[in-house]
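Following: one structure in structure tokens, then a few remarks.
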Amino acid sequence: MKKIIIGDNIVKSFGVEDEQRNVLDGVSVEITEGEFVAVMGPSGSGKSTLMFALSGMDSVNGGKVVFDGMDLTEVGEKELSEIRRTKMGFIFQQPTMLKNLNILDNIILPSMRDNRKNAPKISEKARMLMERVGIGDLEKRDITQVSGGQLQRAGICRALMNNPKIIFGDEPTGALNSKSSEEIMDIFSEINADGTALMLVTHDAKVAARTDRIMFMRDGKIVSELKLPKFDGKDIEVRVDEVTVKMREVGI
Ligand SMILES: Nc1ncnc2c1ncn2[C@@H]1O[C@H](COP(=O)(O)OP(=O)(O)OP(=O)(O)O)[C@@H](O)[C@H]1O
């Protein structure tokens, strides 16, 4: 299967001169097209930094990041932002949305920026996605008039607008109660079944247990991995137990 991302010996450091610290200390990672992966590890181990490096959101100090055949460490900022905008989707713990726009307008805003002529088609697609994730009746709502779970669904719609090849999620269920979190994970599983790869950073064993592969980080390195069969809605408790055992083994 084709690799959508190849990270080769990535080094990322923060700090100045002799105070430099490697937050990513030679990380190599490959993600296959359509794969669903999670990254776990203690706070500060470098999970978000790895996500930022692999998505070209942040530069690296060493190594290579190849996305869909393109070396992200070689392309300019303009091209990089074009790649992110057209081929990647991003979901964070709290979706950043504009208060003066309703839910629908927030979802379509990034797609409308340079494609105003297609406004009706863009809105139609957004409505279809909103229907699909169960917020079809909320398009006119203000972002302050919906629940955290509903707002996150809107964030997912926004991330899906450009049919991304991969969705990066940094603690996407971190602010949700367990019911909403499960519903959001059901949506992620559906998106993945359609062929979109996903990479989620999470502290939650229940979230990670639904993925195909979990990478465990410590001190800027991937120290272990757990492969799981594709989640088919069954045996979640068994999967969570397996993840929990591994977390203990790795020392999380
Ligand atoms: N812009 C920055 N400048 C300096 N240090 C940074 C910067 N971004 C991250 N770090 C440091 O890099 C380390 C890894 O951060 P990162 O956010 O990747 O960890 P994480 O594993 O995602 O943690 P958490 O689970 O708490 O979100 C931390 O020690 C953090 O303080």
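Here are the numbers for the structure shown:
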{"quantity": "Residue ID - surrounded by the fewest Cβ atoms within 10 Å (Cβ to Cβ), chosen from residues in the stretch 8-21 that are within 11 Å of the ligand (Cβ to nearest atom), of a type outside the set (Gly, Ala, Ser) and more than 22 Å from MET199 (Cα to Cα)", "calculated": "VAL16"}
{"quantity": "Pick from the stretch 37-74, criterion closer than 16 Å to ASN9 by Cβ and within 15 Å of the ligand (Cβ to nearest atom), ranking: farthest from the chain's Cα centre (by Cα)", "calculated": "ASN61"}
{"quantity": "Positions within the stretch 1-50 being part of a strand (DSSP E or B), of a type outside the set (S, T, N, Q) and at pLDDT below 95, in sequence order", "calculated": "PHE14, ARG21"}
{"quantity": "Members of the stretch 165-193 that are of a type in the set (S, T, N, Q) and in a helix (DSSP H, G or I)", "calculated": "SER178, SER180, SER181, SER189, ASN192"}
{"quantity": "Enumeration of residues in the stretch 28-64 that are at negative phi and in contact with a helix residue (DSSP H, G or I) (Cβ under 6 Å, 6 or more places away or on another chain)", "calculated": "PHE36, ALA38, VAL39, MET40, ASP58, VAL60"}
{"quantity": "Qualifying residue in the stretch 99-106 (condition: within 20 Å of the chain's Cα centre (by Cα), surrounded by 22 or more Cβ atoms within 10 Å (Cβ to Cβ), modelled with pLDDT of 95 or more and within 16 Å of the ligand (Cβ to nearest atom))", "calculated": "no"}
{"quantity": "Number of positions in the stretch 152-201 that are among the hydroxyl-bearing types (Ser, Thr, Tyr) and surrounded by fewer than 19 Cβ atoms within 10 Å (Cβ to Cβ)", "calculated": "3"}
{"quantity": "Condition met for VAL238 (over 23 Å from THR32 (Cα atoms), more than 13 Å from the ligand (Cβ to nearest atom) and not in a strand (DSSP E or B))", "calculated": "yes"}
{"quantity": "Within the stretch 22-36, considering residues that are away from the ligand (no atom under 15 Å from the Cβ) and polar (S, T, N, Q), the one farthest from LYS221 (Cα to Cα)", "calculated": "THR32"}
{"quantity": "Count - residues of the stretch 10-36 that are farther than 18 Å from ALA209 by Cα and either within 17 Å of the chain's Cα centre (by Cα) or among the hydrophobic types (A, V, I, L, M, F, W, C) (or both)", "calculated": "11"}
{"quantity": "Hey, ILE222 within 16 Å of the ligand (Cβ to nearest atom) and outside any loop (DSSP other than H, G, I, E, B) or not", "calculated": "yes"}
{"quantity": "Test for ASN115: is it under 26 Å from SER55 (Cα atoms), modelled with pLDDT under 95 and loosely packed, with under 15 Cβ neighbours inside 10 Å", "calculated": "yes"}
{"quantity": "Flag if ASP194 is out of contact with any His (no Cβ under 6 Å at 6 or more places or on another chain) and within 16 Å of the ligand (Cβ to nearest atom)", "calculated": "no"}
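Here is a yes/no grid of residues against (1) out of contact with any Leu (no Cβ under 6 Å at 6 or more places or on another chain); (2) under 21 Å from LYS47 (Cα atoms):
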{"site": "ILE187", "(1), (2)": "yes, no"}
{"site": "MET199", "(1), (2)": "yes, yes"}
{"site": "ALA208", "(1), (2)": "yes, yes"}
{"site": "THR211", "(1), (2)": "yes, yes"}
{"site": "MET217", "(1), (2)": "yes, yes"}
{"site": "GLY220", "(1), (2)": "no, yes"}
{"site": "VAL223", "(1), (2)": "yes, yes"}
{"site": "LYS227", "(1), (2)": "yes, yes"}
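The values are calculated or read from the model by the stated rules, or taken from the named source; none is laboratory data. No experiment lies behind these values; they were computed from the predicted model shown. With ideal geometry, Cβ positions are generated from the backbone for all residues, glycine too; neighbour counts draw on all protein chains shown.
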